[in-house]
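Quick notes on the structure that follows.
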Amino acid sequence: MRILLLGGTGEARALAARLHPDFDIVSSLAGRVPDPALPVGPVRIGGFGGVDGLQQWLRDNDIGAVVDATHPFAATMTAHAAQACAELGMPHLVLFRPAWDPAGALRVTSDIEAAELVAEQGFSRVFLTTGRSGVRPFTGSDAWFLIRVVTPPDADVLPRNHEVLLSRGPYTYDGECMLLRDNAIDVLVTKNSGGALTEAKLAAAKDLGVTVVMIDRPPLPSGVTAVGTVDDAVTWVASL
Ligand code: NAP
């Protein structure tokens with residue numbers, strides 16, 4: 001049975017490394033990042049063209065099961081895969097890494113709400129880690145932003161006062177403390193991405209008294225089977 005592995009995350013690469021070559025897998029990337037970290041084994045790149053395009057691709061490529069190991073905020077891809085598989089009666093699993101504990105954080109449900117909160121509370125030095133697509137709601141802000149992204153945001157969405165830091169995790173506690181201190185950050189804005197690679201910023205913010213604004217995850221589509229670890233995803237694949 002050939003398995004489609006929807007990726008773009010460290011977990012997806014780890015899962016591909018565990019499954020290849022014993023299982024027949026094809027990894028899929030959206031193609032947003034130039035020079036992406038590639039998983040081992042066969043890889044295809046680019047969108048499928050919505051639910052219909054995905055179903056066609058699954059048929060054309062003789063896929064028997066789908067593991068969705070995309071990022072917890074890649075809600076459109078996750079919804080499309082859930083719908084496509086449900087309609088085709090195809091086995092489908094979501095590898096959904098555990099969320100961070102938001103204790104002590106100010107919780108919001110969107111990047112728009114995060115921008116409103118930053119403005120309301122008068123923060124002036126913002127560490128923004130919501131990705132290139134999460135900058136736009138902050139465009140009109142008067143605060144200063146350190147914007148850490150993998151690929152640069154479009155120039156027209158950048159706030160007046162900012163510095164763009166192009167970088168990819170993992171990050172260390174010491175490095176994150178230095179970044180917060182050197183830039184006199186008073187608020188960290190982050191998605192609740194979960195995972196160890198970018199978690200150090202939370203401990204650094206807590207220890208330095210920096211407020212954290214955390215954007216809650218979008219919910220999973222109802223009725224999907226989900227696991228939290230690569231080990232559990234390997235077990236599910238082996239059980240097919
Ligand atoms: P999204 O909003 O859920 O998806 C938008 C569209 O991109 C999908 O409808 C699909 O296009 C295409 N797509 C997304 N993931 C794909 C994949 N693995 N393979 C093929 N096509 C894919 O996704 P996103 O939030 O932009 O994330 C894009 C990629 O970046 C994902 O692979 C995700 O794992 C990774 N990533 C996302 C975040 C984040 O914060 N969102 C962070 C780190 C990594 P069609 O409708 O044409 O099929």
Just wondering, is there one or more residues in region 174-192 that are of a type in the set (Lys, Arg), within 16 Å of the ligand (Cβ to nearest atom), buried (at least 19 other Cβ atoms within 10 Å of the Cβ) and within 22 Å of Arg32 (Cα to Cα)?
-> yes
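Conditions tested, residue by residue: (1) β-branched (Val, Ile, Thr); (2) more than 19 Å from the chain's Cα centre (by Cα).
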site	(1), (2)
Thr172	yes, no
Gly194	no, no
Ala200	no, no
Gly209	no, yes
Val213	yes, no
Gly223	no, yes
Val230	yes, no
Val237	yes, yes
Going through region 78-91 in order, the residues found to be touching a residue at least 12 places away in the same chain (Cβ under 8 Å) and either crowded, with 19+ Cβ neighbours inside 10 Å or at positive phi (or both) are Thr78, His80, Ala81, Ala82, Ala84, Cys85
Flag if Pro36 is modelled with pLDDT under 95 and either of a type in the set (Gly, Ala, Ser) or within 14 Å of the ligand (Cβ to nearest atom) (or both) = yes
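A quick yes/no check of all residues on (1) within 7 Å of the ligand (Cβ to nearest atom); (2) buried (at least 21 other Cβ atoms within 10 Å of the Cβ); (3) more than 20 Å from Pro218 (Cβ to Cβ); (4) of a type in the set (A, V, I, L, M):
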residue	(1), (2), (3), (4)
Arg2	no, no, yes, no
Pro21	no, no, yes, no
Ser27	no, yes, yes, no
Val40	no, no, yes, yes
Ile45	no, no, yes, yes
Ala69	no, yes, no, yes
What's the number of the condition Leu54 fails, among (1) touching a residue at least 12 places away in the same chain (Cβ under 8 Å); (2) within 26 Å of Val213 (Cα to Cα)?
-> (2)
Residues of region 151-193 being in a helix (DSSP H, G or I) and aromatic (Phe, Trp, Tyr), in sequence order, are Tyr173
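The values are calculated or read from the model by the stated rules, or taken from the named source; none is laboratory data. Here the structure is a predicted model, which means the values were calculated and not measured. Neighbour counts are summed over all protein chains in view; Cβ atoms, including those assigned to glycine, are modelled from backbone coordinates with ideal geometry.
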